[in-house]
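Bear in mind that the values in this text are calculations on the coordinates, not laboratory data. What you are looking at is a predicted structure, and each value in this text was computed from that prediction instead of being measured. Every residue, glycine among them, receives a Cβ derived from its backbone with ideal geometry; neighbour counts consider all protein chains shown.
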Amino acid sequence: MAMIVRGKNLEITPALKEYVLKNEKKLLKYFDNEVQSQTMLSIEKERKIAEITLRIDGVVLRSIEANEDMYASIDLAYDKLVRQIHKYKTRLARRMKESVFHASLIEGKVEPEEKFEIARVKKFAARPMDTEEAILQMNLVGHDFFVFLNAETDKINVVYKRKHGKYGLIEPEF
């Protein structure tokens, strides 16, 4: 497990780092293969924020929790991650055993899995543009995100408006 602990507006003390690493080691029991973990601890006004990101086989699990106490924020964030891991692992198991579940479902033994319903499909012509033009287009249509073909990389990208008013860019990585 590759672990990174960073601080923003906060110096990471050995005690804080040890506490984070102790919690991260608890997550190892859930995985057989390589897991990358990044923890960002920050302070904004009176709030102590713990942001944890796990990358497992191309899947990203992320948890952000805030509290008045940094240790409590860390605990809440890890509890949330454990719930996400259980949900992720359960869904994987269900997909692998889909035929068995389908037979059981017909017999009425198993509750159906939560279905994701797509309410609308939207198609658009992706024309090449730079990031600044994509942000302008996003603001013109009044959306929080905008999908576009990046003229520099010739790949589909997404720009989005972050909570603090700045912008983010999502680029595919192959």
Pairs of alpha-carbon atoms within less than 8 angstrom and 6+ residues apart define the contacts here; what relative contact order does segment 126-168 have, in percent?
34 percent
The extension gain from K17 to V147, computed as 0.36 nm times the residue separation minus the Cα-Cα distance, is 43.0 nm
Please get the size of the charge dipole for segment 1-103, origin at its Cα centre, with Cβ charges of +1 on Lys and Arg and -1 on Asp and Glu, quoted in debye to the nearest 20.
460 debye
Net charge contributed by nearby residues that have their C-beta within less than 12 Å of Y71 (K/R +1, D/E -1):
-3
Quick one: of K87/K155; K22/K155; K8/K80, which pairs are farther than 28 Å apart, Cα to Cα?
K87/K155; K22/K155
Counting pairs of alpha carbon atoms under 8 Å apart in space and at least six apart in sequence, what relative contact order in percent does the chain give?
11 percent
Lys, Arg +1 and Asp, Glu -1 on Cβ, resulting dipole of segment 126-168 about Cα centre, debye, nearest 20:
280 debye
Other residues with Cβ under 15 Å from the Cβ of E11 give, with Lys and Arg +1 and Asp and Glu -1, a net charge of +3
Which residue, L149, H164, I56, has the largest displacement toward the positive end of the dipole of the chain when charges sit on each Cβ (Lys, Arg +1; Asp, Glu -1)?
I56
Considering all projection directions equally, how large on average is the shadow of the alpha-carbon convex hull of segment 1-103, in square nanometres?
7.1 nm²
Taking trypsin sites (Lys or Arg not before Pro) that fall in a DSSP loop and have at most 10 other Cβ atoms within 10 Å as cut points, what is the longest piece of the chain between them?
46-108
Using 1/(1 + (r/R0)^6) with R0 = 45 angstrom and r between the beta carbons of H86 and K123, what's the FRET efficiency to the nearest 0.05?
0.80
Distance in nm between label sites at L140 and I156, each 7 Å beyond Cα in the beta-carbon direction?
2.2 nm
How big is the charge dipole of the chain about its Cα centre, in debye rounded to the nearest 20, if each Lys and Arg gets +1 on its Cβ and each Asp and Glu gets -1 on its Cβ?
360 debye
Which of the aspartates and glutamates could be linked to K166 by a straight reach, that is with a Cα gap under 12 Å, when you skip same-chain ones fewer than 8 residues away?
D144
For the chain, what does the helix formula give at 222 nm: sum of -39500 (n - 2.57) over DSSP H segments with n ≥ 4, over the residue count, nearest 500 deg cm²/dmol?
-11500 deg cm²/dmol
So what's Rg/Rh here for the chain, counting alpha carbon atoms and using the Kirkwood radius for Rh?
1.05
